[in-house]
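Visitor: Mind looking over this structure? Questions follow.
The values are calculated or read from the model by the stated rules, or taken from the named source; none is laboratory data. This one's a predicted model, so the numbers in the text were calculated from it and none came from an experiment. All Cβ positions, even for glycine, are placed from backbone atoms using ideal geometry, and neighbour counts span all protein chains on display.
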Amino acid sequence: MICAIDATHDPNLQSWVESANEAQTDFPIQNLPFGVFQHSGGAETPRIGVAIGDQILDLAACYTLGLLKSLPEPVQVACAASSLNALMAMGRAASLPLRHHLSQLLQVGQDPVTVRQALVPMSKARLLLPAQIGDYTDFYASIFHATNVGKLFRPDNPLLPNYKYVPIAYHGRASSIVPSDTPIQRPCGQWKSANDPAPTFAPSRLLDYELEVGCFVSLGNELGQTVEIEHAEDHLFGLCLVNDWSARDIQAWEYQPLGPFLAKSFATTLSPWVVTLEALAPFRGTAFARPDQDPPPLPYLTSSINQEQGGITLTLDVFLSSAQMRQQDIPALHLSRSNFQQMYWTVAQMLTHHTSNGCNLRPGDLFASGTVSGVEPESAGSLLELTQRGTQPIHLPTGETRSFLEEGDEVTLRGYCKRQGYVQIGLGVCRGQVK
């Protein structure tokens, strides 16, 4: 079921946390994303927090202060945990009333005296991964990205015949998922130049980023049980930003016949805040309109509700900053802008297909969309596409050029939802620097 618009989305709502009312904040009271944090420099147990302006509402502190007493005891206890897994496992039956309760606590007109004790400045917090991620799956859901890449390697046959029938994915590596601002080490691996008689084992020369959107699972399903598409979103908690770093030279040598391995498993960066599906309700719309000549999805992937409301209008931006740019105080260069609404497969279709063989998903599992690219060249979500496999380098303000990433390069992903009549909300920042 698609989440409904309700009082928490009222554009007239204001918070007594003044920074939440600023026009450019990612985290107004209409958002209230969840994350996990520690106080900077501390060794304390991680705590669940909710972003509000430039502050974090510490839910463990709220529990201790008795601010959650109107909620069921299991929900209160889950809020005091060190990860979001327990809260995710309760599904919308917990996240929806919790959202309403937190909105009321933070609204203008409420007495903030006690609640202020539970606020932590974001600048004094260390943001962590929001959940214990048991499994990670990466999809390939943008037909524009799939076509762009296909043209580079198979000009005469860019899109393989199964693409329009199957939400393609591979099983990623959960252990190397890291939070935003974690340094990224250039990976080593086998790669082979076209004219070399044998491969070389060495650091990757063609390091790339991939702009993606991540989806956290809430309610799980038992092994052997499938999730019908009409109920798929009941099993999703929310969205975050994902940079699925890729070593293109290693990938080109190893991906046949079984697909990505070492080219992807060295690091995947997540933004720290999970924007719930409830918060995204005003920004839902029709799913991507497939051309008339394309085959319709098979029946198990077909739903009128998904077609009418399965799209998410989420604008995504990529910025690049070199070490030299930062030394000279030059702002990061805007590389691309795309929109998540243009994905060929919706999040509901991805989850339904994932479980269609009886695969069991668990609370806190993560799946990502694959690179989000649009039809225009400037909407490409990777350097592989933007530079046409390195043949058309990007020119930086310092006079430097980039075909792929160099040491010191910092990639920043941002995302936001905007619609007339509603307050803009953001997904925060997903950032990583190559070391």
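Visitor: Just checking, does segment 56-65 include any residue being more than 23 Å from the chain's Cα centre (by Cα) and among the β-branched types (Val, Ile, Thr)?
Guide: Step one: filter segment 56-65 for residues more than 23 Å from the chain's Cα centre (by Cα), giving 60-65.
The next check asks that each one be among the β-branched types (Val, Ile, Thr); those that pass are 64.
Yes, the conditions are met somewhere in segment 56-65.
Visitor: In addition: Return yes or no: is Thr412 among the hydroxyl-bearing types (Ser, Thr, Tyr) and part of a strand (DSSP E or B)? Spell out how you get there, then give the answer.
Guide: On the way: among the hydroxyl-bearing types (Ser, Thr, Tyr): yes; part of a strand (DSSP E or B): yes.
Answer is yes for this residue.
Residue by residue, here is whether (1) out of contact with any Ser or Thr (no Cβ under 9 Å at 6 or more places or on another chain); (2) of a type in the set (Ser, Thr, Tyr); (3) at pLDDT below 95 holds:
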position	(1), (2), (3)
His100	no, no, no
Ser142	no, yes, no
Val149	no, no, yes
Ala169	no, no, no
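Visitor: Tally time: how many residues in segment 230-267 are hydroxyl-bearing (Ser, Thr, Tyr) and part of a strand (DSSP E or B)? Outline the logic, then answer.
Guide: Of segment 230-267, the ones hydroxyl-bearing (Ser, Thr, Tyr) are 246, 255, 265.
So of that shortlist, the ones also part of a strand (DSSP E or B) come out as 246.
Summing the residues that are hydroxyl-bearing (Ser, Thr, Tyr) and part of a strand (DSSP E or B) in segment 230-267 gives 1.
Visitor: Return the residues of segment 230-279 that are within 22 Å of Phe37 (Cα to Cα) and of a type in the set (S, T, N, Q); say none if nothing qualifies.
Guide: Asn243, Thr268, Thr269, Ser271, Thr276
Visitor: Also, I was wondering about something else. Go through segment 70-119 and report how many residues are more than 30 Å from Gly134 (Cβ to Cβ) and acidic (Asp, Glu).
Guide: Just the residues of segment 70-119 that are more than 30 Å from Gly134 (Cβ to Cβ), to begin with: 70, 103-117, 119.
Next cut, acidic (Asp, Glu) only: 111.
Qualifying residue count, segment 70-119: 1.
Visitor: Scan segment 309-327 and give yes if some residue there is over 20 Å from the mean Cα position of the chain (by Cα), more than 25 Å from Leu98 (Cα to Cα) and among the charged types (D, E, K, R), otherwise no.
Guide: The initial filter retains those residues of segment 309-327 that are over 20 Å from the mean Cα position of the chain (by Cα), namely 321-327.
Next, from what is left, pick out any that are more than 25 Å from Leu98 (Cα to Cα): 321-327.
Imposing the further condition that a residue be among the charged types (D, E, K, R) reduces the set to 326.
Yes, segment 309-327 contains at least one residue that is over 20 Å from the mean Cα position of the chain (by Cα), more than 25 Å from Leu98 (Cα to Cα) and among the charged types (D, E, K, R).
Visitor: Of the residues that make up segment 160-176, is at least one of a type in the set (A, V, I, L, M), within 20 Å of Val411 (Cβ to Cβ), assigned by the TED database to the domain that holds Ala368 and within 22 Å of the chain's Cα centre (by Cα)? Reasoning before the result, please.
Guide: Of segment 160-176, the ones of a type in the set (A, V, I, L, M) are 160, 166, 168-169, 174.
Filter again for within 20 Å of Val411 (Cβ to Cβ), leaving none.
Checking segment 160-176: not a single residue is of a type in the set (A, V, I, L, M), within 20 Å of Val411 (Cβ to Cβ), assigned by the TED database to the domain that holds Ala368 and within 22 Å of the chain's Cα centre (by Cα).
Visitor: Here's a follow-up. Inspect segment 62-75 for any residue being in contact with a strand residue (DSSP E or B) (Cβ under 6 Å, 6 or more places away or on another chain) and not assigned by the TED database to the domain that holds Asn162 and give the result as yes or no.
Guide: Keep residues of segment 62-75 that are in contact with a strand residue (DSSP E or B) (Cβ under 6 Å, 6 or more places away or on another chain), which gives none.
Looking for residues that are in contact with a strand residue (DSSP E or B) (Cβ under 6 Å, 6 or more places away or on another chain) and not assigned by the TED database to the domain that holds Asn162, one finds none in segment 62-75, hence no.
Visitor: Working carefully through the options Val217, Val227, find the one that is closer than 24 Å to Trp345 by Cβ, among the β-branched types (Val, Ile, Thr) and more than 19 Å from the chain's Cα centre (by Cα). Show your work before the answer.
Guide: On the way: Val217 fails: more than 19 Å from the chain's Cα centre (by Cα).
Criteria check complete, one pass: Val227.
Visitor: Tell me the residue from Val429, Val434 that is closer than 25 Å to Gln132 by Cβ and either modelled with pLDDT of 95 or more or touching a Ser or Thr at 6+ places or on another chain (Cβ under 9 Å) (or both), please.
Guide: Every option except Val429 fails the conditions.
Visitor: For Ile5, all conditions in the list (1) surrounded by fewer than 22 Cβ atoms within 10 Å (Cβ to Cβ); (2) out of contact with any Pro (no Cβ under 7 Å at 6 or more places or on another chain) hold save one; what is the number of the exception?
Guide: For Ile5, the failing item is (2).
Visitor: Same structure, new question: Are any of the residues in segment 58-79 within 23 Å of Glu22 (Cβ to Cβ) and surrounded by fewer than 22 Cβ atoms within 10 Å (Cβ to Cβ)?
Guide: Within segment 58-79, none of the residues are within 23 Å of Glu22 (Cβ to Cβ) and surrounded by fewer than 22 Cβ atoms within 10 Å (Cβ to Cβ).
Visitor: Mind listing whichever residues of segment 8-26 are touching a Pro at 6+ places or on another chain (Cβ under 7 Å) and within 15 Å of Cys417 (Cβ to Cβ)?
Guide: His9
Visitor: Got a number for residues in segment 181-229 being surrounded by fewer than 22 Cβ atoms within 10 Å (Cβ to Cβ) and in a loop (DSSP other than H, G, I, E, B)?
Guide: Total meeting the criteria: 25.
Visitor: Still on this structure, please answer the following. I'm trying to understand the selection: among the residues of segment 352-395, which are crowded, with 18+ Cβ neighbours inside 10 Å and aliphatic (A, V, I, L, M)?
Guide: Leu361, Leu366, Ala368, Val372, Ala380, Leu383, Leu384, Leu386
Visitor: Going by what's in this entry, would Pro297 be described as within 23 Å of Leu413 (Cβ to Cβ) and touching a helix residue (DSSP H, G or I) at 6+ places or on another chain (Cβ under 9 Å)?
Guide: Numbers: within 23 Å of Leu413 (Cβ to Cβ): no; touching a helix residue (DSSP H, G or I) at 6+ places or on another chain (Cβ under 9 Å): yes.
No, not satisfied.
Visitor: Does Lys151 count as in a loop (DSSP other than H, G, I, E, B), surrounded by fewer than 19 Cβ atoms within 10 Å (Cβ to Cβ) and either basic (Lys, Arg) or not assigned by the TED database to the domain that holds Asp244 (or both)?
Guide: Details: in a loop (DSSP other than H, G, I, E, B): no; surrounded by fewer than 19 Cβ atoms within 10 Å (Cβ to Cβ): yes; either basic (Lys, Arg) or not assigned by the TED database to the domain that holds Asp244 (or both): yes.
Criteria not met by Lys151.
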